[in-house]
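Engineer: Please read through the structure below; I'll follow up with questions.
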Amino acid sequence: MSSSYDVIAIGSGHNGLIAAAYLAKAGKKVLVLEKNDWFGGGVVTSELVAPGFRHDWHSATHIVIQANPLIRNDELGLISKYGLKYIYPEAVFSTIFDDQTSIVSYTDLDRTCASIAKISPRDAEAYRKFAAKSAQLLPLIVSGMFVPPPSQGPFWALLDQSPEGRDLMRNMQMSMLDIVREWFTDEKVMVHLLKFAAEMLVGPDVKGTGAILYNMPGFVHAYPPGVPVGGSAGLVNALIACLKANGAEFRSGAEVEKVLSKGGRATGVRLKGGEVLNAKNAVIGQIHPWFLGDMVEGLDGRIAQNARNTKTADFAIMTQHYALNEAPRYHAGEEPGRAALANFAPAKLESFLRIFDDFSYGSMGSDHAMLAAHLNSQFDPTRAPAGKAGLTLFAFGPYELRDGGAAAWATRKDEIGQWIRKHYSHYVSNLDDSNVIAWRFDTPLDMERDSPTFQRGDVGGVGKYFYQIGGHRPTPELAQYAVPGVEGLYLAGTFMHPPGGITGGGRATAVKMCGDMNIDFDRICGGK
């Protein structure tokens with residue numbers, strides 16, 4: 001194995017792999033370094049709890065990436081050549097309320113409105129208008145999602161030139177709660193929309209987050225979320241196949257200790273243990289902003305401090321994985337359980353909002369848990385043995401517990417895990433021991449240990465707040481994917497634009513890199 005490459009990628013998360021894959025396809029000699037024994041970062045699938053049951057560790061349904069030209073135009077041939085395959089459920093997300101009523105949002109707008117109409121005919125018509133507004137703005141949003149974002153000043157000036165842009169400016173400064181209260185009257189409809197939007201790890205009443213909810217219907221009805229066949233690792237496996245087909249090399253168990261620089265330019269990396277690897281053109285760093293100052297040689301102190309000052313989400317995520325003898329049987333009926341993501345929430349808006357208040361004081365809540373469920377084995381038979389089911393529950397909660405902080409997760413893990421299971425059991429009739437073959441609970445602290453990108457249990461890297469989006473994500477200095485003062489060092493990861501989970505945002509990193517290297521990006525995308 002060589003000690004010199006054109007491009008070295010630090011970490012094997014999907015965004016870094018995507019950026020590296022475009023450069024490899026352009027003819028660059030690429031090396032991917034991964035400190036773990038496996039590849040994929042947060043996009044990993046394995047038999048976590050029992051043989052034959054394949055669970056996604058983190059990401060399970062791929063939403064935003066469906067609008068990305070990487071997938072939409074199959075720019076790297078991941079679908080046509082390297083085995084990536086998606087299933088698109090008709091029901092995107094549902095909410096089952098604590099009174100066992102439900103609302104289901106489908107890719108089809110009419111079916112969605114019909115489901116809402118069972119709760120509130122007035123709000124069904126309001127949703128149709130709301131979705132039309134969202135669809136009207138969608139081309140503007142998507143056009144800027146997978147390329148380097150404009151700086152905030154010119155962006156706001158551009159928005160201010162049209163009625164549609166001014167609508168977006170207004171909604172971007174509001175909270176999601178402001179928007180649902182403006183458009184809808186029924187509390188269940190409000191909770192249904194707010195719960196799905198909260199998957200971005202943003203509280204409903206946080207100002208400057210309104211665009212998350214305002215853009216949501218456009219995505220749901222234009223770019224249906226995909227369930228990857230074989231698990232989320234299908235995306236990573238396709239990227240690795242693409243990279244290898246274009247000559248890239250991989251090393252696991254290779255932890256990068258320092259990004260080296262000389263004369264204001266990144267020259268390579270030093271591994272833990274002392275080995276130095278040289279990079280002629282570029283280093284792709286999947287490095288959380290908090291760690292840039294320690295890892296990057298020659299980084300300006302102000303840039304390092306601003307990066308360290310970025311904020312993670314106000315609450316964290318945790319997961320429970322179940323191997324079941326049979327699929328969950330919901331008291332609310334079969335239809336809401338067929339959604340790609342089934343949500344569970346109180347029917348009263350006040351009860352829903354108070355859960356987020358509890359998080360801020362280090363409490364999981366008292367009467368309700370904030371839950372969602374994936375049952376991807378119902379769509380993909382490769383996920384579980386015949387007749388069985390693989391279930392994943394997602395719960396929100398505080399990273400710092402009221403008594404003992406984050407360290408208290410070690411002693412309260414079993415207690416809180418059982419509490420979550422009990423709350424989910426309110427919605428199903430068959431989560432008893434006779435149906436559960438095996439299960440495990442991963443806390444926010446476990447999430448952080450899985451990946452250094454998931455600090456404080458924030459799988460989005462840094463919070464999706466108004467001051468950390470677009471041309472300010474994660475900071476104004478770093479928003480263009482290139483690190484100032486260290487030429488040739490580029491950033492990729494969920495902490496960059498666009499915010500979200502599986503976005504394929506590494507494409508924007510590749511666009512920036514190709515521009516700096518005088519590589520025709522469109523030519524790379526032309527041949528599959």
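Per-residue answers, yes or no, for (1) of a type outside the set (Asp, Glu); (2) out of contact with any Cys (no Cβ under 6 Å at 6 or more places or on another chain); (3) modelled with pLDDT of 95 or more:
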{"position": "Glu487", "(1), (2), (3)": "no, yes, yes"}
{"position": "Leu491", "(1), (2), (3)": "yes, yes, yes"}
{"position": "Phe495", "(1), (2), (3)": "yes, yes, yes"}
{"position": "Gly506", "(1), (2), (3)": "yes, yes, yes"}
{"position": "Val511", "(1), (2), (3)": "yes, yes, yes"}
{"position": "Cys514", "(1), (2), (3)": "yes, yes, yes"}
{"position": "Asp520", "(1), (2), (3)": "no, yes, yes"}
{"position": "Lys528", "(1), (2), (3)": "yes, yes, no"}
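Engineer: Could you tell me which residue of the stretch 14-47 is nearest to Phe379 (Cα to Cα), considering only residues that are among the polar types (S, T, N, Q) and buried (at least 20 other Cβ atoms within 10 Å of the Cβ)?
Structural biologist: Residue satisfying both the conditions and the ranking: Thr45.
Engineer: Okay, moving on. Report yes if Gly293 is farther than 30 Å from Ser429 by Cα, open to solvent by 10 Å² or more (accessible area, probe 1.4 Å) and more than 24 Å from the chain's Cα centre (by Cα), otherwise no.
Structural biologist: yes
Engineer: Also, I was wondering about something else. Would you say Pro228 is touching a strand residue (DSSP E or B) at 6+ places or on another chain (Cβ under 9 Å) and more than 23 Å from Gly16 (Cβ to Cβ)?
Structural biologist: Answer is no for this residue.
Engineer: On the basis of being in a loop (DSSP other than H, G, I, E, B) and of a type outside the set (Lys, Arg), does Ala254 make the cut?
Structural biologist: Here the answer is yes, as Ala254 does meet what is asked.
Engineer: Looking at (1) of a type in the set (Ser, Thr, Tyr); (2) touching a helix residue (DSSP H, G or I) at 6+ places or on another chain (Cβ under 8 Å); (3) free of Cβ contacts under 8 Å to residues at least 40 places away in the same chain, which one does Thr411 not meet, given that it meets all the others?
Structural biologist: Every listed condition holds for Thr411 apart from (2).
Engineer: Suppose the filter is open to solvent by less than 50 Å² (accessible area, probe 1.4 Å), assigned to a helix (DSSP H, G or I) and free of Cβ contacts under 8 Å to residues at least 60 places away in the same chain; does Ile179 pass it?
Structural biologist: Answer is yes for this residue.
Engineer: Test Ala407 against the criterion of being within 20 Å of Thr61 (Cβ to Cβ) and either in a helix (DSSP H, G or I) or open to solvent by less than 10 Å² (accessible area, probe 1.4 Å) (or both), and give yes or no.
Structural biologist: Against the criterion (within 20 Å of Thr61 (Cβ to Cβ) and either in a helix (DSSP H, G or I) or open to solvent by less than 10 Å² (accessible area, probe 1.4 Å) (or both)), Ala407 does not qualify.
Engineer: Take the residues of the stretch 48-78 that are among the charged types (D, E, K, R) and either in contact with a helix residue (DSSP H, G or I) (Cβ under 6 Å, 6 or more places away or on another chain) or open to solvent by 20 Å² or more (accessible area, probe 1.4 Å) (or both): which is nearest to Ala323 (Cα to Cα)?
Structural biologist: Arg54
Engineer: Additional query: Based on this model, can you work out whether Ile303 counts as in contact (Cβ under 8 Å) with a residue 24 or more places away in the chain, buried (at least 17 other Cβ atoms within 10 Å of the Cβ) and in a strand (DSSP E or B)?
Structural biologist: It is false that Ile303 is in contact (Cβ under 8 Å) with a residue 24 or more places away in the chain, buried (at least 17 other Cβ atoms within 10 Å of the Cβ) and in a strand (DSSP E or B).
Engineer: Another question, if that's okay. Among the candidates Asp432, Asp450, which residue alone is open to solvent by 30 Å² or more (accessible area, probe 1.4 Å) and in contact with a Ser or Thr (Cβ under 9 Å, 6 or more places away or on another chain)?
Structural biologist: Exactly one residue qualifies, and that residue is Asp432.
Engineer: Among the residues of the stretch 2-25, are any under 26 Å from Ala438 (Cβ atoms), within 23 Å of the chain's Cα centre (by Cα), part of a loop (DSSP other than H, G, I, E, B) and small (Gly, Ala, Ser)?
Structural biologist: No: the stretch 2-25 contains no residue that is under 26 Å from Ala438 (Cβ atoms), within 23 Å of the chain's Cα centre (by Cα), part of a loop (DSSP other than H, G, I, E, B) and small (Gly, Ala, Ser).
Engineer: For the stretch 138-152, give me each residue that is in contact (Cβ under 8 Å) with a residue 12 or more places away in the chain, out of contact with any helix residue (DSSP H, G or I) (no Cβ under 6 Å at 6 or more places or on another chain) and assigned to a helix (DSSP H, G or I).
Structural biologist: Leu140, the sole residue that qualifies.
Engineer: Can you report the number of residues in the stretch 182-202 which are open to solvent by less than 40 Å² (accessible area, probe 1.4 Å) and either under 15 Å from the mean Cα position of the chain (by Cα) or at pLDDT below 95 (or both)?
Structural biologist: 5
Engineer: State all residues of the stretch 484-512 that are in contact with a strand residue (DSSP E or B) (Cβ under 7 Å, 6 or more places away or on another chain) and either free of Cβ contacts under 8 Å to residues at least 40 places away in the same chain or over 22 Å from Gly41 (Cα atoms) (or both); if no residue qualifies, say none.
Structural biologist: Listed by number, the residues that qualify are Val486, Glu487, Gly488, Lys512.
Engineer: Quick check on my filter: what residues within the stretch 79-104 are of a type in the set (A, V, I, L, M, F, W, C), open to solvent by 10 Å² or more (accessible area, probe 1.4 Å) and either at positive phi or outside any loop (DSSP other than H, G, I, E, B) (or both)?
Structural biologist: Ile87
Engineer: Between a residue in the stretch 321-340 that is assigned to a loop (DSSP other than H, G, I, E, B) and any residue that is at pLDDT below 95 and among the β-branched types (Val, Ile, Thr), which pairs come within a Cβ distance under 7 Å, given they are 6 or more apart or on different chains?
Structural biologist: Going by the 7 Å Cβ cut-off, the qualifying pairs are Ala340/Thr61.
Engineer: Further question: If you take the residues of the stretch 219-236 that are under 18 Å from the mean Cα position of the chain (by Cα) and part of a helix (DSSP H, G or I), which of them is farthest from Asn343 (Cα to Cα)?
Structural biologist: Ranking the qualifying residues of the stretch 219-236, first place goes to Val236.
Engineer: Gly471 versus (1) outside any loop (DSSP other than H, G, I, E, B); (2) open to solvent by 40 Å² or more (accessible area, probe 1.4 Å): which is the lone unmet condition?
Structural biologist: (2) is the only condition that Gly471 fails.
Engineer: Just one of Ala222, Ala211 is at pLDDT 95 or above and surrounded by fewer than 24 Cβ atoms within 10 Å (Cβ to Cβ); which is it?
Structural biologist: It is Ala222.
Engineer: Looking at Asp432, Asp414, which one is assigned to a helix (DSSP H, G or I) and acidic (Asp, Glu)?
Structural biologist: Residue meeting the stated conditions: Asp414.
The values are calculated or read from the model by the stated rules, or taken from the named source; none is laboratory data. Keep in mind that what you see is a predicted model, and the values were worked out from it rather than measured. Note that each Cβ is placed from the backbone with ideal geometry, even for glycine, and that neighbours are counted across all protein chains shown. Remember, those area values only see protein heavy atoms, side chains included, never the ligands or the DNA or RNA. Shrake-Rupley method; radii C 1.70, N 1.55, O 1.52, S 1.80 Å.
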